[in-house]
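Here the structure is laid out as structure tokens; the discussion comes afterwards.
The values are calculated or read from the model by the stated rules, or taken from the named source; none is laboratory data. This structure is a prediction, so every number in the text was calculated from the model and none was measured. Note that each Cβ is placed from the backbone with ideal geometry, even for glycine, and that neighbours are counted across all protein chains shown. Areas reflect the complete protein model, heavy atoms only, side chains present, ligands, DNA and RNA absent. Shrake-Rupley method; radii C 1.70, N 1.55, O 1.52, S 1.80 Å.
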Amino acid sequence: MKHISIYIISSFLFLSQMSFAQTQDSITYKERYGLTLGVDLSKLGRSFLDDDYEGIEIFGDYRLTKDLYIAAEIGNEEHTYNEKNLVSTADGSYIKAGVNYNVYQNWIGMQNIIYVGGRVGFSSFNQTLKEYTISASQNYFDPDVRVDEKKFDNLTATWVELKAGLRVEVLRNLYLGAHVQLKVGVSSTEFHNFDNLYIPGFHRTYDSSSIGAGWGYTISYLIPLFTKTKSQKIDSD
């Protein structure tokens, strides 16, 4: 009986050691899933530094899977195109929606992201022509400057854009980020004898191309809604 008891105890200790060794081959941790909300700092900064610009953009994304996020931005911009022969102001709001995909493999316990994504954008705005100069081939007379304000309302534009950026957790649930955008115009309201020089959300436009670009710096906060337990194997050598 004594030998049987010793055998049972020895077997139990052996199995416990095996189980302990197996648990040391992987690390268990929790990942946070939830809603991230933030603001574009570059637009706020430009609003203070540039007299011809005022704007704000708020964004959010929700983590669907390990690497996939649904995302959206809403904003409002007022921009004055102030050149030698033309002064006009664009004012309006926009919304963009799409997805981000995280291509970065985090260390255990970290939740930084480096992402690529796509958006579909829509803008509703107006243009106000404030001042313009009539060009002339001869210089016998002074420039013909017309200060005759004309407003064009109910304008719209749509576009698609590719987006790439990163987001780094600097404090618990608090992130700083940066991004770049490449935009391609799809459609916009056209009117006689005047072009859309600036489209809120799309930015500057050019006659020779439908391509635009953008960039920004962001601050955001993750609102954790739930966690998922993950395990990762470790090298036992």
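The table for this structure:
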quantity	calculated
Contour minus Cα-Cα distance for residue 211 and residue 93 (0.36 nm per residue)	40.5 nm
Residue 110-residue 156 FRET efficiency (beta carbon distance; Förster radius 41 Å; 0.05 resolution)	0.45
Tail beyond 21 Å, pair distance distribution of region 56-127 (Cα, percent)	46 percent
Within the accessible area of region 144-225 (1.4 Å probe), percent carbon and sulfur	58 percent
Set of lysines near residue 30 by C-alpha distance (under 28 Å), chain-local residues within fewer than 8 positions excluded	66, 228, 230, 233
Within region 177-216: backbone nitrogen closer than 13 Å to the residue 50 label point (7 Å, Cα to C-beta)	198-205, 213-216
Under 14 Å, Cβ to Cβ, from residue 228 - net charge with Lys/Arg +1 and Asp/Glu -1	+3
